[in-house]
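The values are calculated or read from the model by the stated rules, or taken from the named source; none is laboratory data. All values derive from a computational prediction rather than experimental measurement. Here the Cβ is made from the backbone with ideal geometry for all residues, glycine too, and neighbour counts use every protein chain on show. Quick note on the areas: whole protein, heavy atoms, side chains included, nothing else; ligands and nucleic acids left out. Shrake-Rupley method; radii C 1.70, N 1.55, O 1.52, S 1.80 Å.
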Amino acid sequence: MKKILLLNGPNLNLLGTREPELYGHTTLADVEAAFQHSAARLGYAAECLQSNWEGALIDKLHEYGQLQRAGLALGCVFNPGAYTHTSVALHDAVKGVPQLPVIECHISNVHAREPFRHHSYLSPAAAGIVIGFGVEGYQIALEALVRKFRA
Ligand code: DQA
């Protein structure tokens, strides 16, 4: 069974309690369980990683670039959290594994928020973007990934 990676960046471990008016009451564990369930229904094995460390996110993207090349992974759904707006290194990591489709996903509508959230370093490297649908966005991104990139 091919793998799909669900990658979450800094502070997303606090989902459910962190600014619930923006991010809702669903926990990351619930998001990951729902993602794994839906991926399995679509015929894929989801692996979930959340890290507050930029390097850990980069290492995982590199690993999945190799898995994709070996025919063992389809792609990745990635919410980089605040690194979206700061990280050239994550942009370069996604560019460095061009064979791996990465769908950028944000729970909140970043364009309706502070100006410093309007720019994403990741977007030019992403295969697609899902923004502002709450935690449902992870499901939408998963479905889009499979529909567009399934062989
Ligand atoms: C976020 C939006 C970012 O601006 C913020 O730093 C996050 C979460 C979202 O999912 O809406 O941590 O990526």
Pair Ala112, Ala151: separation of 7 Å Cα→Cβ label points (nm): 4.1 nm
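Just how large is the dipole of segment 24-151 about the Cα centre, in debye to the nearest 20, putting +1 at every Lys and Arg Cβ and -1 at every Asp and Glu Cβ?
Details: 9 positive and 11 negative charges, 80 e Å.
The calculated dipole for segment 24-151 is roughly 380 debye.
Just subtract the alpha-carbon distance of Glu21 and Gln66 from 0.36 nm times their residue separation and send over the number in nm, one decimal.
On the way: separation 45, 0.36 × 45 = 16.20 nm, distance 3.84 nm.
Roughly 12.4 nm would be gained on extension.
Full extension from Asn52 to Glu136: what is 0.36 nm times the residue separation minus their Cα-Cα distance, to one decimal in nm?
28.0 nm
Suppose R0 equals 22 Å; then what is the FRET efficiency for Asp59 and Ile129 from their Cβ-Cβ distance, rounded to the nearest 0.05? Can you show the working numbers first?
On the way: r = 23 Å, r/R0 = 1.05.
For R0 = 22 Å, the calculated efficiency reads 0.40.
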Please give the FRET efficiency for Asp30 paired with Ala82, using the beta carbon to beta carbon distance and R0 = 22 Å, rounded to the nearest 0.05. 0.50
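How much length would be gained if the chain were fully extended between Glu143 and Ala89, taking 0.36 nm per residue of separation minus their Cα-Cα distance, in nm to one decimal?
16.7 nm
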Spatial separation of Cα centroids for segment 33-76 and segment 111-128, in angstrom: 21 Å
Residue (of His111, Leu49, Leu5) at the positive-pole extreme of the chain, dipole from beta-carbon charges: Leu5
One would report the antiparallel percent of DSSP beta bridges in the chain, rounded to the nearest 5, as 0 percent
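In whole percent, and with a 1.4 Å probe on the protein chains, what portion of the accessible area of the chain is carbon and sulfur?
Working: 3970 of 7230 Å².
It is 55 percent, rounded to a whole number.
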Would you be so kind as to identify which of Thr86, Thr27, Ser123 lies farthest towards the positive end of the dipole of the chain, taking Lys and Arg as +1 and Asp and Glu as -1 on Cβ and the Cα centre as origin? Ser123
Amide H contacts under 5 Å for Thr86, restricted to residues at least 5 apart in sequence or on another chain and with H modeled in the peptide plane, are Tyr121
